[in-house]
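The values are calculated or read from the model by the stated rules, or taken from the named source; none is laboratory data. Since we're looking at a predicted model, the values are computed, not measured. Methodologically, a virtual Cβ is constructed for each residue, glycine included, from the backbone with ideal geometry; neighbour enumeration extends over all protein chains shown. Ligands, DNA and RNA are stripped out before the accessible areas are found, and what is left, the full protein with its side chains, is counted by its heavy atoms. Shrake-Rupley method; radii C 1.70, N 1.55, O 1.52, S 1.80 Å.
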Amino acid sequence: NKERSQTLQNIATSFNFNGSKWFLCGFDSAFLFVSDRRRLTDVFSATGDYLAASGDACAFNPEFKDWAVPLGRRFRSLRIWMVLNYFGVQGIRAFLEQAIAQADWLRSQIDQSDAFEQVAKTDLGLVCFATRDPASMDGFVNRLNQLADDGEQFLLYPSTLHGRPFIRVALGGMNTTEDDVRSLWATLRAAAQ
């Protein structure tokens with residue numbers, strides 16, 4: 001609605017997301033939305049006699065050479081179109097809702113746990129957590145690595161926040177199921193003991 005759109009424009013005038021993350025496209029595809037494309041083209045406009053414009057640039061015929069620094073891009077439209085054609089908007093929406101629900105479930109398990117706590121409140125498919133006792137984090141990570149070496153099928157990302165180590169879990173894989181997330185949770189609990 002108009003009120004929400006106005007609120008979003010007060011927050012940002014552009015939004016960019018990577019299609020290889022949650023749009024089921026391969027690497028090197030991105031989507032850029034701008035509230036006023038003239039601002040973008042004024043900054044990046046490349047003009048000259050050797051770059052003769054058609055003169056009829058409009059919403060349906062934009063001069064994409066004026067939308068970024070390089071004068072050319074590798075072709076990504078077909079890849080994006082095929083994803084949209086295969087999954088449809090409803091399929092992509094269902095995929096995103098499933099990943100968010102999986103992350104919400106994992107966050108709720110962490111919040112109810114005596115062993116873990118979220119180190120940052122997150123939304124969507126990212127879950128950031130650590131052991132409640134910071135001194136036990138190194139041992140926990142070592143046990144997780146051992147379980148991974150023993151054949152567990154998961155990938156966790158260690159990181160630090162204000163000097164405190166924590167683990168990032170990024171849910172949203174195409175084939176990740178609820179059973180996979182439950183198995184991950186069981187593995188995390190086992191490594192914490």
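Share of the range 100-193's accessible area from carbon and sulfur, percent, 1.4 Å? Heavy-atom surface of the range 100-193 belonging to carbon and sulfur, 1.4 Å probe: 48 percent. For the range 147-191, the per residue solvent-accessible surface stands at 63 Å², with DNA, RNA and ligands left out and a 1.4 Å probe.
For the range 89-133, just say rounded, prolate or oblate: build the C-alpha gyration tensor, square-root its eigenvalues into a ≥ b ≥ c, call rounded for a/c under 1.5, and beyond that prolate if a/b exceeds b/c, oblate if not. Verdict is prolate for the range 89-133. A viscosity of 0.692 mPa s and a temperature of 37 °C, combined with the Kirkwood radius over C-alpha pairs in the Stokes-Einstein formula, give the range 125-193 a diffusion coefficient of 260 µm²/s. With the simple model of a label 7 Å out from the Cα in the direction of the Cβ, ASN85 to ASP123 spans 3.3 nm. For the range 77-150, the relative contact order is 20 percent, taking Cα pairs closer than 8 Å that sit 6 or more residues apart in sequence and dividing their mean separation by the residue count. In nanometres, what is the gap between the two model label sites at TRP105 and SER14, each 7 Å from Cα along Cα-to-Cβ? For the pair TRP105/SER14, the computed spacing is 3.8 nm. Packing here is the average count of other Cβ atoms within 10 Å per residue, and on that basis the peptides 100-111, 76-87, highest first, run 100-111, 76-87.
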